[in-house]
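> Below: one structure in structure tokens.
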Amino acid sequence: MKSTTRGTLAAVVTGIAAAVGATATPAAAAVPTVPVPVPLDGVSKSLHTEVPQLGLEMPLIIPGAPEGPRYVQGRLLPEQVLPQVPLNGALPGANLRTPLPHLVGQGFDHLSLDAPASALRAVSPGLAAKAPLTPPNPGNAGLPALTTPALGVIAPVLQTVPGADLGLGPGL
């Protein structure tokens, strides 16, 4: 095989590997959580019975930088007096697996609930205000005119796609 063919083949394989790695990495890094195991082994040993297994995922909230004031021509105050603050994090996740004893006969089945942490994007509410005065008017000897003041609340935003999986199966 020629060296140019080997170089081309190596470049194609490297590009494919980078593309596959680039698509898999953001999904795992998109939801920042801390796993919290709930130890129930002591209860199982002291009561001599099967107890549920429980694990939680607690989210890490990451605040973003608010947008700076945006001045609009013809207004004395900026567009947003109190800017909205973006927040990124996750909804808490849970993993529960509990034994279900057979009503007739020996043994156990299990019931499981897997609710993984879901990415969460939120924006805090903001405040918009309009001053009771206009900017100086050159046609009015440089004096401002009176206007109706206004105050408004900018609605908060919450985006997430939660999901869960409920299962029933044999064995523990």
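The values are calculated or read from the model by the stated rules, or taken from the named source; none is laboratory data. Since the structure is predicted, the reported quantities are computational estimates derived from the model, not experimental observations. Note: ideal-geometry Cβ built from the backbone for every residue, glycine included; neighbour counts use all protein chains shown.
> Where the second residue is assigned to a strand (DSSP E or B) and surrounded by 10 or more Cβ atoms within 10 Å (Cβ to Cβ) and the first is assigned by TED's automatic domain parsing to the domain that holds LEU111 and of a type in the set (S, T, N, Q) and lies in the stretch 149-172, which pairs have Cβ atoms under 7 Å and are six or more apart or on separate chains?
Every condition considered, the pairs that remain are GLN159/ARG121; THR160/LEU91; THR160/SER118; THR160/ALA119; THR160/LEU120.
> Show me the strands (runs of 3 or more DSSP E) entirely contained within the stretch 85-163 in which 1 or more residues are farther than 30 Å from ARG75 by Cβ and of a type in the set (S, T, N, Q).
Output list reads 86-91, 93-101, 108-115, 118-123, 157-160.
> Can I ask one more? Is it the case, given these coordinates, that GLU50 is over 30 Å from PRO136 (Cα atoms) and charged (D, E, K, R)?
yes
> Before we move on, is ALA119 buried (at least 16 other Cβ atoms within 10 Å of the Cβ), modelled with pLDDT of 85 or more and over 19 Å from LEU56 (Cα atoms)?
So ALA119 does not fit the description; no.
> Condition check: part of a loop (DSSP other than H, G, I, E, B), in the same structural domain as LEU120 (by TED's automatic domain parsing) and not basic (Lys, Arg). Does PRO69 satisfy that?
Answer is yes for this residue.
> Could you check the stretch 30-57 and list, in sequence order, the residues that are among the hydrophobic types (A, V, I, L, M, F, W, C) and either in contact with an Asp or Glu (Cβ under 6 Å, 6 or more places away or on another chain) or exposed (fewer than 14 other Cβ atoms within 10 Å of the Cβ) (or both)?
Residues satisfying the conditions are ALA30, VAL34, VAL36, VAL38, LEU40, VAL43, LEU47.
> Now a separate question. So ALA155 passes all but one of these: (1) surrounded by 13 or more Cβ atoms within 10 Å (Cβ to Cβ); (2) over 30 Å from VAL34 (Cβ atoms); (3) modelled with pLDDT of 90 or more. Which condition number does it fail?
For ALA155, the failing item is (1).
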